[in-house]
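See structure below.
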Amino acid sequence: MLGLTGVLISLLLLIWLAYRGVSVLLLGPVMALIATLFAVGTPLLATYTQLFMSSAGNFIVQYFPLFLLGAIFGKLMDDAGAAESIAQGIVGQLGEQRAMLAVVLACAVLTYGGVSLFVVAFAVYPIAAALFRKADIPKRLIPATIALGAFTFTMTALPGTPAIQNAIPMPYFGTTPFAAPILGIITAAVMFGLGQFWLERQAGKARRAGEGYGAHQDNTVAFDKEQRERSAGEGFDVLLIEPEAKADRLPPFMLAILPVVVVIVLNYLFSTIIIPSMDTAYLAEPQYGATSLSSVQGVWSIICSLTLACLLLITLCWKRLADKKRTLDDGANASVLPIFNTASLVGFGAVIAALPAFELIKGFVDSLGGGNPLVSLALSVNVLAGVTGSASGGMSIALETLGAEYLQMASAVGMTPDLLHRVTTVATGGLDSLPHNGAVVTLLAICGLSHRDAYKDIFMVAVLFPIISLVLLVILGSVFGSF
């Protein structure tokens with residue numbers, strides 16, 4: 001009982017201090033050691049060096065290329081003006097009568113193509129503000145509209161997304177980014193449909209009440225470097241990217257969207273055709289980790305697709321990238337803080353999993369699942385994402401501690417690893433977007449609004465509806481299996 005008390009104290013302190021802005025680089029190891037102190041007889045130094053650091057280091061080794069390439073791609077899209085061109089192109093096609101749908105789709109296209117939500121928010125907000133003002137839609141609905149397109153179905157449900165949330169489960173389950181594609185599409189459609197229905201309903205109510213856009217100043221928030229670092233540190237998934245002045249002329253829409261299409265198409269080709277056809281027998285050798293293709297195939301696919309998309313983007317926008325060295329440097333630097341934050345949470349989870357009290361927690365989660373591994377997996381991932389305020393952080397802790405066991409349980413009842421993968425990714429969305437999530441805090445700051453102004457609608461589209469979609473996914477997966 002003493003050990004369980006220590007685990008609960010460490011978790012509560014982690015939530016509270018993270019919400020207060022304390023870096024998880026510090027919180028991860030400190031909270032892990034606090035929990036260890038309550039486990040009488042457990043060596044502190046060995047726990048830190050052999051458990052915490054080992055797990056955090058393994059995460060960085062495995063996923064750093066994805067964080068690095070994702071940040072560089074996002075920075076290139078931002079500096080070349082491609083992200084803004086895509087947003088303006090979609091908005092221009094749909095027009096002000098479909099302002100909310102245009103903003104959602106603009107965000108969705110950008111994030112599904114691998115652009116970080118931080119870049120998307122900065123690129124889309126000025127366009128959304130002008131469009132909402134012209135259509136007389138309340139400004140308080142802008143954050144929820146951006147959140148629906150950037151935080152939900154493209155991040156977790158749509159098959160093939162290069163988001164880190166879709167990449168982390170692959171080595172644990174031996175899957176690809178396109179795991180359970182039909183289930184993913186159905187779940188994404190539910191998230192999108194419910195979210196869009198809510199936003200349009202709220203806009204209609206505001207219109208009938210004569211609310212209008214409101215008296216707001218729409219200047220984009222200019223974060224200083226310290227504020228940006230804090231936002232990235234709190235959000236875990238938010239990449240630190242300095243917004244640069246855009247060129248006077250944006251690239252044409254078709255040219256701007258081509259690298260996004262390339263990421264998606266190449267991701268599919270590499271994961272389903274090119275890499276599986278390669279001779280990779282050498283992976284069984286000790287110097288290559290004595291592993292199998294299934295454990296690296298998904299990561300390799302995203303690495304190759306993002307690399308080629310970055311090269312294409314540089315080639316197409318060579319003249320528009322005024323300072324290519326700085327763009328690449330800023331993108332590379334932007335990848336460091338998020339991955340170290342997440343790795344710190346992974347180390348924390350590894351320590352908790354090694355403590356005797358964890359067996360009580362695992363037994364409790366399993367009992368809630370009623371013996372169904374999908375239910376237990378969905379609960380554990382979503383709750384941990386809420387605790388940490390991070391989709392990737394909560395998922396990493398759950399898979400690090402229970403991934404192998406869930407895979408074994410699923411195999412025993414005939415469930416496929418692809419189904420586990422999709423349930424895991426969708427489960428990261430929901431409680432991760434509670435008020436203390438750094439991406440939520442940053443989005444509200446960009447829009448110049450408070451939680452009181454806009455969080456209710458963010459909660460509906462980014463917390464409640466993803467959880468409803470997750471429930472549907474678990475039911476469909478349990479009844480019909482993976483498809």
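Brief remarks on what is shown
- Matching residues, segment 44-64, being over 30 Å from ALA106 (Cα atoms), among the hydroxyl-bearing types (Ser, Thr, Tyr) and either in contact with a strand residue (DSSP E or B) (Cβ under 8 Å, 6 or more places away or on another chain) or at pLDDT below 90 (or both): SER55
- Taking (1) crowded, with 24+ Cβ neighbours inside 10 Å; (2) out of contact with any Lys or Arg (no Cβ under 9 Å at 6 or more places or on another chain) in turn, ALA157 satisfies each apart from (2).
- From GLN62, GLN88, residue being under 30 Å from ARG201 (Cα atoms), in a helix (DSSP H, G or I) and not aromatic (Phe, Trp, Tyr): GLN88
- Candidates LEU476, LEU464, filtered to the one that is surrounded by fewer than 21 Cβ atoms within 10 Å (Cβ to Cβ) and over 26 Å from ARG201 (Cα atoms): LEU476
- The one condition in (1) surrounded by fewer than 20 Cβ atoms within 10 Å (Cβ to Cβ); (2) among the aromatic types (Phe, Trp, Tyr); (3) modelled with pLDDT under 90 that PHE67 fails to fulfil: (1)
- Meets criteria (of a type outside the set (Ser, Thr, Tyr), free of Cβ contacts under 8 Å to residues at least 40 places away in the same chain, part of a helix (DSSP H, G or I) and over 28 Å from LEU407 (Cβ atoms)) for GLY204: yes
- Looking across segment 276-292, just one residue is touching a Gly at 6+ places or on another chain (Cβ under 9 Å) and either surrounded by 14 or more Cβ atoms within 10 Å (Cβ to Cβ) or more than 20 Å from PRO417 (Cα to Cα) (or both), and that is LEU283.
- Selection within segment 345-368: residues that are surrounded by fewer than 19 Cβ atoms within 10 Å (Cβ to Cβ) and not aliphatic (A, V, I, L, M). The member of this set that is modelled with the lowest pLDDT is LYS362.
- For segment 26-64, the set of residues classified as surrounded by fewer than 15 Cβ atoms within 10 Å (Cβ to Cβ) and under 30 Å from GLY114 (Cα atoms) consists of LEU26, SER54, GLY57, VAL61, listed by residue number.
- Leading residue by the ranking (farthest from the chain's Cα centre (by Cα)) among those in segment 143-187 that are aromatic (Phe, Trp, Tyr) and farther than 25 Å from ILE273 by Cβ: PHE153
- When every residue of segment 432-455 is checked against the conditions, at least one turns out to be assigned to a helix (DSSP H, G or I), among the small types (Gly, Ala, Ser), more than 17 Å from the chain's Cα centre (by Cα) and modelled with pLDDT of 85 or more.
- Test result for GLY210, without any contact (Cβ under 8 Å) to a residue 24 or more places away in the chain and small (Gly, Ala, Ser): yes
- Residue selection: LEU94 satisfies the criterion of being over 14 Å from the mean Cα position of the chain (by Cα), under 30 Å from GLY212 (Cα atoms) and without any contact (Cβ under 8 Å) to a residue 12 or more places away in the chain.
- In a residue-by-residue description of segment 434-443, the property of being within 20 Å of TYR172 (Cα to Cα) and in contact (Cβ under 8 Å) with a residue 12 or more places away in the chain applies to no position.
The values are calculated or read from the model by the stated rules, or taken from the named source; none is laboratory data. These numbers were taken from a predicted model, which means no experiment stands behind them. Note that we place each Cβ from the backbone using ideal geometry, even for glycine, and neighbour counts take in every protein chain shown.
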